[in-house]
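Below is one structure, written out as structure tokens; the observations come after it.
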Amino acid sequence: MPRKSDEKVWTIVVAGGSSQRFGRPKQYEQLGAARIVDWSMSTAREASDGVVLVVPEADVIIEDGVAGGRTRSESVRNGLAAVPADATIICVHDAARPFASAELYADVINAVAQGAACAVPGIEVIDTIKVVDSTGTVVSTPDRASLRA
């Protein structure tokens with residue numbers, strides 16, 4: 001379904017994290033011909049009327065972005081503050097997830113355009129998931145049919 005012509009879609013690409021588990025900012029890692037953040041930005045630009053890039057404060061000038069905050073939610077708020085007031089749909093995308101397609105964006109945008117308060121894409125979980133307690137003892141095994149990643 002095509003977008004409504006009167007909608008102004010903006011995307012906030014959040015690249016402000018430090019990727020502590022990865023050991024360095026993974027959004028700047030090379031993935032083929034471009035950095036991970038560049039792939040994410042390219043698709044966001046294709047799918048949106050405008051894009052705000054949120055980066056660590058030290059990278060604002062280099063990356064032409066908005067300074068992130070101490071937490072992801074602060075970074076998203078900083079990105080929201082940079083979105084024009086006439087935006088009617090705002091997508092938030094994690095820069096470290098470079099494989100989101102323009103079609104996925106369109107599905108999310110169309111869901112909101114049709115009245116959803118929000119839309120969060122997810123894929124079916126195929127692996128078995130275990131819930132464990134603080135000692136690592138298995139407490140339960142959730143039904144995969146009800147889970148999305």
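We did not get these values from a lab; they are worked out from the coordinates using the rules stated. As the structure is a computational prediction, the values presented were derived from the model and not from experiment. Here the Cβ is made from the backbone with ideal geometry for all residues, glycine too, and neighbour counts use every protein chain on show.
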Subject >> Residue exposure sequence - 130, 8, 26 - by fewest surrounding Cβ within 10 Å >> reply: 130, 8, 26
Subject >> Relative contact order of the chain, defined on C-alpha pairs under 8 angstrom at six or more residues apart (%) >> reply: 26
Subject >> Estimated dipole of the chain in Debye, rounded to 20 [Cβ of Lys and Arg +1, of Asp and Glu -1, Cα centre] >> reply: 320
Original post:
Say R0 is 22 Å: what FRET efficiency, to the nearest 0.05, do residue 116 and residue 80 get from their beta-carbon distance?
Top reply: 0.75
**OP:** Quickly work out the residue 61-to-residue 132 label distance, labels modelled 7 Å from Cα along the C-beta direction, and quote it in nm with one decimal.
**Re:** 4.6
Subject >> Label point distance in nm, residue 34-residue 149, each placed 7 Å from Cα along Cα→Cβ >> reply: 2.5
**OP:** Subtracting the Cα-Cα distance from 0.36 nm times the residue separation, let me have the gained length for residue 72 to residue 49 in nm, one decimal.
**Re:** 6.0 nm
Subject >> Rounded, prolate or oblate (a/c below 1.5 giving rounded, otherwise prolate when a/b exceeds b/c) for the chain by Cα gyration tensor >> reply: oblate
Original post:
By how many nm would the segment from residue 107 to residue 7 grow when fully extended, if each residue of separation counts as 0.36 nm and the alpha-carbon distance is taken off?
Top reply: 34.5 nm
Original post:
Antiparallel DSSP bridges in the chain: what percent, to the nearest 5?
Top reply: 30
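Do the sum for the chain: with -39,500 (n - 2.57) for every DSSP H run of n ≥ 4, divided by all residues, what is the mean residue ellipticity at 222 nm, to the nearest 500 deg cm²/dmol?
When only DSSP H runs of four or more count, the value is -7500 deg cm²/dmol.
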